[in-house]
Amino acid sequence: MRSKVVTIDRHIIDQERAHPAASGRFSALLYDIALAAKIISREVNMAGLIDILGATGDTNVQGERVQKLDAFAHEVIVKAMDHAGHLCCMASEECDDIIPIPERFEIGNYVLLFDPLDGSSNINVNVSIGTIFSVHQRVSPRGTPGTLADCLQPGLRQVAAGYVIYGSSTMMVYTTGVEGGVHGFTLDPSLGEFLLSHPAIRIPDPPARVYSVNEAYYARWGRGEQRLVDRFRGVNGEDGGGYKSRYIGSMVSDVHRTLLQGGIFMYPRDTRAPAGKLRILYEAAPLALVCAAAGGRASDGSRDILDIVPEGLHDRTPLFLGSAELVNLAERYLRER
Ligand code: AHM
Ligand code: MG
């Protein structure tokens with residue numbers, strides 16, 4: 001047993017003390033994300049019960065409209081974050097445009113970008129899903145409403161990023177950048193508290209021989225991607241082999257496993273999705289920062305994900321993320337083609 005129990009609140013305060021320049025605002029922003037995560041977790045855990053608890057049509061037991069869980073998660077986050085004076089605007093995978101802070105609330109200096117419930121098509125089969133978040137400092141003048149320019153910043157400018165995984169237990173994993181490290185907290189539902197369970201996460205080195213990709217798209221990939229996977233499988237004359245394949249199809253789960261056990265997670269471009277499927281701002285960049293802060297890497301095949309400057313809120317990218325050695329190998333194969 002660990003000698004001390006550390007709640008996420010305590011951990012955030014301790015980290016703030018280590019950086020005297022950090023404002024209390026930033027810590028409060030992280031608490032509010034944790035609170036939203038607890039509300040979403042409660043609802044995700046109830047998802048399987050909706051049918052037997054008597055919700056009919058599109059109303060629930062309270063007589064309220066039953067929402068899709070991803071729309072619910074989006075609203076929980078917006079409502080938890082819009083009024084506290086931390087943010088100048090938000091953007092969500094669930095929303096076409098930036099989300100302004102209502103005029104009646106104070107305007108803050110941070111921007112929050114999020115994917116409220118990634119992998120939500122897996123809910124019905126009880127597979128783990130997740131929330132992903134990314135925080136930037138604003139670049140537009142203070143005190144004014146946030147702008148698109150505040151959102152379209154490269155990942156390396158993130159001041160915090162992380163995810164919540166709703167799995168066999170709910171965990172929140174976050175980083176405040178490479179120097180701050182990556183820390184994981186497990187929700188104790190009886191206490192309603194996230195407790196530090198995975199301090200200073202590092203991707204295992206040497207890397208686990210595990211690759212994670214939707215191999216059904218093999219025929220739609222370029223030659224480089226095909227040869228890389230041939231190498232992992234030890235077929236078609238490629239040296240290598242000896243790898244295991246693991247693909248859940250729920251990115252937060254696949255990335256969480258990659259972070260704890262090592263290996264590489266990939267979502268390459270293909271002929272059907274020429275820019276890739278995953279979104280830079282809500283998926284790739286935040287998970288790239290977490291991965292980098294744990295000693296790993298994330299690349300689009302030729303560039304570091306954290307260097308990409310998105311042109312639009314919903315821009316997509318190919319993604320190769322995980323143990324640095326394997327991401328470097330992927331880049332080499334994609335260069336050779
Ligand atoms: P979503 O944002 O619509 O939920 O899509 C993202 C999800 C990821 O969680 C996962 O890695 C990927 O889509 C799976 O896609 P595919 O079914 O093409 O393998
Ligand atoms: Mg998503």
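Some points to look at:
- Search result, residues across segment 111-154 that are part of a helix (DSSP H, G or I), away from ligand 1 (no atom under 16 Å from the Cβ) and free of Cβ contacts under 8 Å to residues at least 40 places away in the same chain: A149
- Filter result for A330 (closer than 17 Å to I201 by Cβ, more than 16 Å from ligand 2 (Cβ to nearest atom), in contact with a strand residue (DSSP E or B) (Cβ under 8 Å, 6 or more places away or on another chain) and part of a helix (DSSP H, G or I)): no
- Subset of segment 271-295 that is outside any helix (DSSP H, G or I) and open to solvent by less than 10 Å² (accessible area, probe 1.4 Å) - its residue that is farthest from ligand 1 (Cβ to nearest atom): A294
- Taking the conditions (1) buried (at least 20 other Cβ atoms within 10 Å of the Cβ); (2) in contact (Cβ under 8 Å) with a residue 60 or more places away in the chain in turn, D307 satisfies each one other than (1).
- Test for V252: is it more than 22 Å from G224 (Cα to Cα), in contact with a Phe, Trp or Tyr (Cβ under 6 Å, 6 or more places away or on another chain) and either without any contact (Cβ under 8 Å) to a residue 60 or more places away in the chain or surrounded by 18 or more Cβ atoms within 10 Å (Cβ to Cβ) (or both): yes
- Number of residues in segment 83-110 that are assigned to a loop (DSSP other than H, G, I, E, B) and without any contact (Cβ under 8 Å) to a residue 40 or more places away in the chain equals 9.
- Considering each residue of segment 204-213 in turn, at least one proves to be part of a loop (DSSP other than H, G, I, E, B), open to solvent by 40 Å² or more (accessible area, probe 1.4 Å), charged (D, E, K, R) and over 21 Å from D115 (Cα atoms).
- Residue that is open to solvent by less than 50 Å² (accessible area, probe 1.4 Å) and either under 19 Å from C151 (Cβ atoms) or in contact with a helix residue (DSSP H, G or I) (Cβ under 9 Å, 6 or more places away or on another chain) (or both), where the choices are A91, A71: A91
- I264 vs. criteria more than 20 Å from G167 (Cβ to Cβ) and within 15 Å of ligand 2 (Cβ to nearest atom): no
- For segment 113-154, filtering for residues that are within 16 Å of ligand 2 (Cβ to nearest atom) and either among the aromatic types (F, W, Y) or more than 16 Å from E93 (Cα to Cα) (or both) leaves 6.
The values are calculated or read from the model by the stated rules, or taken from the named source; none is laboratory data. Predicted model only: the values in this text are computed from it and were never measured. We place every Cβ from the backbone using ideal geometry, glycine too, and count neighbours over all the protein chains shown. Side chains are part of the model used for accessible areas, which takes the heavy atoms of the whole protein and leaves out ligands, DNA and RNA. Shrake-Rupley method; radii C 1.70, N 1.55, O 1.52, S 1.80 Å.
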